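A short write-up of the structure that comes next.
Values quoted throughout were computed directly from the atomic coordinates according to the rules given, and no laboratory measurement underlies them. Remember, predicted model here, so these are calculated numbers, not experimental data. We place every Cβ from the backbone using ideal geometry, glycine too, and count neighbours over all the protein chains shown.
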Amino acid sequence: MIPVEILADQNLTPAEKAKREGLKLRKPYVAQKLANIAAMEERGEISPIIRLEKSYLCNFQCTHCSAEYYMDRHKKKVFKIEDTRAKIDMDFVRRLSKEADELGLARFVITGGEPLVMKDFDEVVAALDPDKHYIITDTNGWFLDDERARHLKSIGVEKVQLSLDSMIEKDHDEFRNKPGSYKRVMRAIDAALDADLNLLLSTVLIKGRVKTQEFIDMCEFATKKGVGLYVSYAKPTGSCSDHPEFVIEKEDADILRDLEKEYSVFTHMTPTYGSFKGCITVKGIITVTSTGEITPCPYIDMSLGNMRETSLKEILARGMRNPWLGPYRPDCLIGEDPKFIQFHAKKTTGYTQLPVPWGQGFSDKNSLTEDII
Amino acid sequence: MQTTEYFDINGRCIPHGITSEHHVKTRRYFVFEQPEIDYNTIHARLVKHLGIENPITAQEFAKRAEKILEKLREDPQCRNILNGVRVPFMLPVQERTDIGECLEQQYISAVKASFEEVFSKNSFTNHHKDGLTGKLSIAVDSRHERLIAEQGEQLVVGYYFPCLMEYAVPAAIEQTGQLPEQFILAGAYDTSAALVGSPDLLLRKSGYPPVLWLAALDSEKSGVSYHYEAYGYNLTFNRKPHFDRVAESWTSGLVVLG
């Protein structure tokens with residue numbers, strides 16, 4: 001029988017294979033961990049990407065932002081409160097890196113907020129340890145010029161996930177509430193590619209957009225550029241709570257699945273590299289918030305535990321035994337399942353300090369068939 | 001054996017007397033839509049794509065299949081199964097051979113041909129690239145050996161019921177042993193034939209359909225099984241570790257032969 005890691009490699013394009021070979025030479029430990037993922041999944045172990053939200057500072061105020069409710073500006077303006085909870089520091093980041101490494105986890109995404117406004121961005125990368133983990137950063141592209149892109153590469157960042165919300169300049173700028181942002185994204189694309197950073201374009205799919213020429217244009221643009229277009233469904237959380245009309249229907253998701261045949265476009269549930277995880281809550285992704293809470297998805301504002309009190313290993317185990325989060329499911333839990341959306345809304349309503357702590361939202365008592373109201 | 005009904009009002013097999021993982025209650029989020037039962041069309045697809053030589057007529061196929069339903073209807077403990085989704089199928093005579101090899105060479109390609117003939121804009125993909133020869137065997141207590149034995153002697157007509165919804169694979173096997181003798185846990189040929197005859201079985205536009213396990217078959221590795229699954233408007237065959245756990249989207253099928 002062919003080993004699972006080789007089977008996974010069979011699904012790679014020549015360009016992806018070349019990138020993996022390059023990584024193997026530069027960072028053999030990281031490359032080996034990435035190669036181990038398929039075998040880990042075959043053994044029933046999980047290897048989630050860890051999104052690190054150390055800071056929520058941001059120079060944008062986007063219509064669909066999932067992190068807006070975590071931001072100090074929102075708490076001050078809307079709730080008239082200050083967040084007095086202890087924030088994570090570099091010692092925490094180092095501990096997170098170590099615990100993740102011990103579990104064989106291999107990938108970190110520095111996110112926010114806008115990571116490239118963080119004064120301690122380089123220090124965070126160093127604390128995560130780019131020789132032990134594959135480091136990715138999210139960005140809105142505003143500050144990503146040639147010099148910054150080369151700098152990111154030099155400190156060990158491997159990949160940039162760049163947000164682009166429309167191929168129509170005016171629409172992108174309006175959605176992002178930032179004139180000039182479209183032009184900056186275009187500049188950032190070239191800067192990232194020129195600096196030999198791996199690049200992913202990231203876009204939010206609101207209801208009906210998948211049927212527009214603009215979306216097809218974006219798919220074509222990404223495919224011609226040779227970069228992947230990661231599509232995130234608009235979720236009814238964060239700033240999008242005020243826009244329930246953004247939430248997609250199954251038809252949107254199904255049309256997108258068909259576009260995957262033609263374009264370099266995918267969602268978090270697209271089967272890739274021989275891995276067919278479906279919804280990736282816990283199994284494929286977790287988020288660490290600025291207060292050390294771990295949530296199972298960037299859009300679910302309920303914690304599985306705080307790493308100051310509980311080990312990463314136990315927090316992941318809580319997630320995997322939760323009936324909403326652990327079992328395989330082909331749809332997006334927070335983006336498509338009406339009952340979970342209702343459950344999430346009920347549990348998070350009234351909380352000014354997100355995420356909802358373990359035991360008050362998620363708990364070991366959760367049931368798929370419990371009454372919501 | 002239980003003395004009350006075996007199936008609930010929606011046709012789901014009611015979990016009873018089993019210890020393996022399963023959901024006692026279901027919110028029916030991952031469900032099937034009943035395909036149209038047109039015996040002539042289903043018969044024609046099965047004959048064409050499975051290459052059935054010397055087939056029975058469509059009328060005979062319909063008569064035998066309907067007789068299965070009639071018997072179930074007469075049984076107060078079992079008749080609720082007819083409230084759920086079901087599709088008739090037919091299997092060619094087949095001397096016992098390697099199940100994995102036969103599935104790969106004959107049945108999966110028949111599912112693909114039938115699906116893509118009906119849904120020309122969509123596709124069927126076999127994501128399992130590592131071959132199936134020598135990898136599948138009949139699970140103990142699945143009763144599936146009866147279907148294989150009958151198929152070795154004559155053309156088989158049956159009805160397929162994807163009614164073991166939200167059962168772990170071991171639970172589906174365990175539950176089958178608690179049911180009346182006519183129920184057999186579905187494996188490779190019957191599940192595939194159900195999809196050849198009714199290629200829209202896993203097509204659902206308003207919501208998500210379940211994953212369809214070939215639960216009657218042990219694979220080359222404990223805790224791993226093979227399954228059919230929709231991907232949007234497309235159909236796939238794949239292999240997945242299930243680790244004997246249950247998921248809301250997992251379903252196995254029962255068959256009754258006639």
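Listed values, structure above:
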{"quantity": "Positive-end extreme of charge dipole, chain A - chosen from A:GLY22, A:LEU333, A:SER154 (charges on Cβ)", "calculated": "A:SER154"}
{"quantity": "Which listed pairs, of B:LYS129/B:LYS240; A:LYS313/A:LYS346; A:LYS27/A:LYS153, have C-alpha distances above 21 Å, in listed order", "calculated": "A:LYS313/A:LYS346"}
{"quantity": "Helix-derived mean residue ellipticity, 222 nm - over chain A, DSSP H n ≥ 4, -39500 (n - 2.57), to 500", "calculated": "-10500 deg cm²/dmol"}
{"quantity": "Under 18 Å from A:LYS207, Cα to Cα: lysines that are on another chain or at least 8 residues apart", "calculated": "A:LYS235, A:LYS250, B:LYS205"}
{"quantity": "Among beta bridges that DSSP assigns inside the protein assembly as shown, antiparallel share in %, nearest 5", "calculated": "45"}
{"quantity": "Relative exposure of A:ARG51, B:ARG96, A:ARG20, judged by other C-beta atoms within 10 Å (fewest first)", "calculated": "B:ARG96, A:ARG20, A:ARG51"}
{"quantity": "Proximal lysines relative to B:LYS71, as straight alpha-carbon distance under 17 Å, when same-chain residues fewer than 8 apart are discounted", "calculated": "B:LYS63"}
{"quantity": "Projected label distance in nm at A:LYS119 and B:SER206, using a 7 Å step from Cα toward the beta-carbon", "calculated": "5.7"}
{"quantity": "Amide hydrogen neighbours beyond the local backbone of A:TYR134, cut-off 5 Å, H modeled", "calculated": "A:ARG107, A:PHE108"}
{"quantity": "Chain A: C-alpha gyration tensor shape, a/c 1.5 cut-off, then a/b vs b/c", "calculated": "rounded"}
{"quantity": "Phi to ³J(HN,Hα) by Karplus 6.51 cos²θ - 1.76 cosθ + 1.60 over segment A:53-68, Hz, x for Gly, Pro", "calculated": "9, 6, 9, 9, 4, 8, 8, 10, 9, 7, 4, 10, 5, 7, 9, 3"}
{"quantity": "Dipole axis of chain A (+1 Lys, Arg; -1 Asp, Glu on Cβ), positive-most option in A:LEU256, A:THR270, A:THR212", "calculated": "A:THR270"}
{"quantity": "Nearest-20 debye value, the protein assembly as shown charge dipole, Cβ charges on Lys, Arg, Asp, Glu", "calculated": "1160"}
{"quantity": "Lysines with Cα under 30 Å of B:LYS67, excluding same-chain neighbours fewer than 8 positions away", "calculated": "B:LYS48, B:LYS112"}
{"quantity": "Global geometry of the protein assembly as shown, whether rounded, prolate or oblate, following the gyration tensor of its Cα atoms and the 1.5 cut on a/c", "calculated": "prolate"}
{"quantity": "Cβ crowding within 10 Å averaged over residues, with A:181-188, A:113-120 ranked highest first", "calculated": "A:181-188, A:113-120"}
{"quantity": "Cut-off 11 Å (backbone N to label point 7 Å along Cα→Cβ of A:GLN360), residues of segment A:57-71", "calculated": "none"}
{"quantity": "Amide hydrogen neighbours beyond the local backbone of B:TYR231, cut-off 5 Å, H modeled", "calculated": "B:THR236"}
{"quantity": "Among the listed pairs A:LYS277/A:LYS339; A:LYS159/A:LYS277; A:LYS132/A:LYS365, those beyond 25 Å (Cα-Cα)", "calculated": "A:LYS132/A:LYS365"}
{"quantity": "Under-5 Å amide H pairs with A:SER232, H placed in peptide plane, nonlocal only", "calculated": "A:THR203, A:VAL204, A:LEU205"}
{"quantity": "DSSP beta bridges in chain A [antiparallel fraction, %, rounded to 5]", "calculated": "10"}
{"quantity": "GNM result for chain B, Cα springs below 10 Å: residue of B:PRO35, B:PRO209, B:PRO180 fluctuating most strongly", "calculated": "B:PRO180"}
{"quantity": "Computed FRET value (nearest 0.05) for A:LYS19 with B:ARG146, which takes r as the C-beta separation and R₀ as 41 Å", "calculated": "0.20"}
{"quantity": "HN-Hα J in Hz across segment A:19-34 - Karplus 6.51, -1.76, 1.60, θ = phi - 60°, x for Gly and Pro", "calculated": "5, 5, 5, x, 5, 4, 6, 7, 9, x, 5, 5, 4, 5, 4, 5"}
{"quantity": "In sequence order, calculated HN-Hα J values of segment A:343-351 (Karplus, 6.51, -1.76, 1.60; Hz; x Gly/Pro)", "calculated": "4, 5, 5, 5, 6, 8, 4, x, 7"}
{"quantity": "Expected 222 nm ellipticity per residue - DSSP helices of 4 or more, -39500 (n - 2.57), all of chain B, to 500", "calculated": "-8000 deg cm²/dmol"}
{"quantity": "C-alpha center-to-center spacing [segment A:64-134, segment B:176-211] in angstrom", "calculated": "46"}
{"quantity": "Packing-based exposure ordering (other Cβ within 10 Å, fewest first) of A:HIS133, B:HIS128, B:HIS23", "calculated": "B:HIS128, B:HIS23, A:HIS133"}
{"quantity": "Ascending count of other beta-carbon atoms within 10 Å, so fewest first, for A:SER367, B:SER20, B:SER120", "calculated": "B:SER120, A:SER367, B:SER20"}
{"quantity": "Cα gyration tensor shape of segment B:22-159, rounded if a/c is under 1.5, else prolate or oblate by comparing a/b with b/c", "calculated": "rounded"}
{"quantity": "Cα-centre dipole for segment A:114-236 with unit charges at Cβ (Lys and Arg positive, Asp and Glu negative), debye to 20", "calculated": "460"}
{"quantity": "Euclidean distance between Cα centres, segment B:65-127 to segment A:215-247, Å", "calculated": "38"}
{"quantity": "Charge context of B:VAL31, other residues only, Cβ under 12 angstrom, K/R +1, D/E -1", "calculated": "+1"}
